[in-house]
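For reference, the structure discussed in these notes is given below.
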Amino acid sequence: MRLNFSVIRWGLSHAAVLGFASITVTVAGPPLTIDDPGILEPGGLEIILAADGAKTAAIKTYDFPVLDTSLGLTENIQMSVVLPIQKIDEPGQPSKTDLGYGEVGVKWRFFKNDSTELAFAPAYAVPLNDASTVRGVIDDIRILNLPLLAGWEFGDWSVLAQLAYAVSSKSGNGWDYGVAGGYQVNAKMQLLAEVYGATGSRASETDVNYNLGVDYGFTEQFHLLVSARSKLFSDLPSEERLKYGWFVGLQWFTKP
């Protein structure tokens, strides 16, 4: 699969602000949000250094820097770790900056043929220190996400799908989901688009957004990742709905 994204999470990066539909962990594939079932070669390393931001009517959040690393363990298994620093800006309040949510994940690809891949990619996210939760930078919450991933490739076109059940330590459980597509414009550039969302334990907790992005490869091993996102529809209170968000990252691959 050309859509070889690593792990980062749109929901937890804004957990201090949004309702459960956005707190739900969604496996991320920078510059988009859902993951792909592709696996790095054994011993292969992927490193992404990124900045991510989002705005609602109530608050602005920024994650910078975000260090996102993945390591191929076997032909069908890889692991990943995400370490962010988060900043929040609330009207009339001083800015707050501290460590965000750390996350560790494992991806197991259990099926692959010439055009289709399927994988299971559990991930667990926790606050990295107590000071972040005491100061209100992030919520004191832990989330286990259990996504099934699927990917298909048709020439220059790629399609991804994700369905996940998220278990929360604080706000109840829920589902997150998404569909993404990519078109390989040329040897260096891929255009990306997705629709992603989450539904909490109550029917009134549904939040669905869209995301548009570009993956530009300066070389096979060094890429620029850029995307912008906004709301499609939401049952969340108006002050918690996403107005816009963005992502910029530099991606390196090393071969074993």
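List of remarks:
- Extension gain from VAL159 to ARG135, taking 0.36 nm per residue of separation minus the Cα-Cα distance: 4.6 nm
- With N as its number of residues, the chain has a Cα radius of gyration that, divided by 2.2 N^0.38 Å, comes to 0.94.
- Extension gain, LEU148-ALA57: 0.36 nm per intervening residue step, less the Cα-Cα distance, totals 29.5 nm.
- For segment 77-153, the gyration tensor built on C-alpha atoms gives a prolate shape. Its axis ratio a/c (a ≥ b ≥ c) is at least 1.5, and a/b is the larger of a/b and b/c.
- Sorting 87-95, 128-136, 68-76 by their mean Cβ neighbour count within 10 Å, with the most densely packed peptide first, gives 68-76, 128-136, 87-95.
- Here the chain is treated with +1 on each Lys and Arg Cβ and -1 on each Asp and Glu Cβ, and its dipole about the Cα centre works out to around 300 debye.
- Probing with 1.4 Å while keeping every protein chain in the model, the per residue accessible area of the chain equals 42 Å².
- Across GLY182, GLY155, GLY102, mean-square fluctuation computed from a Gaussian network of the chain (C-alpha pairs under 10 Å connected) peaks at GLY155.
- Shape call, segment 24-155: gyration tensor on alpha carbons, a/c limit 1.5: prolate
- Rounded if a/c under 1.5, otherwise prolate or oblate - segment 127-256, Cα gyration tensor axes: prolate
- Note on segment 27-47 and segment 79-98: Cα centroid distance 23 Å, given to the nearest whole angstrom.
- Lys/Arg +1, Asp/Glu -1 at C-beta; the chain dipole; positive extreme among GLY100, GLY29, ILE143: GLY100
- Contact order normalised by residue count of the chain, Cα under 8 Å, 6+ apart, percent: 21
- Of the accessible area of segment 152-256, computed with a 1.4 Å probe over protein heavy atoms only, carbon and sulfur atoms account for 65 percent.
- Among ASP207, ASP35, ASP235: highest mean-square fluctuation, GNM of the chain, C-alpha pairs under 10 Å: ASP235
- CD proxy at 222 nm, helix term only [per DSSP H run n ≥ 4: -39500 (n - 2.57); per residue of the chain; nearest 500]: -500 deg cm²/dmol
- Among PRO147, PRO37, PRO237, the largest mean-square fluctuation in a Gaussian network model of the chain, built with springs joining Cα atoms closer than 10 Å, belongs to PRO237.
The values are calculated or read from the model by the stated rules, or taken from the named source; none is laboratory data. Because the structure is predicted, anything quoted here is derived from the model rather than measured. Neighbour counts run over all protein chains shown; Cβ positions are idealised from the backbone, glycine included. Ligands, DNA and RNA are excluded from the accessible area calculation, which covers all protein heavy atoms including side chains. Shrake-Rupley method; radii C 1.70, N 1.55, O 1.52, S 1.80 Å.
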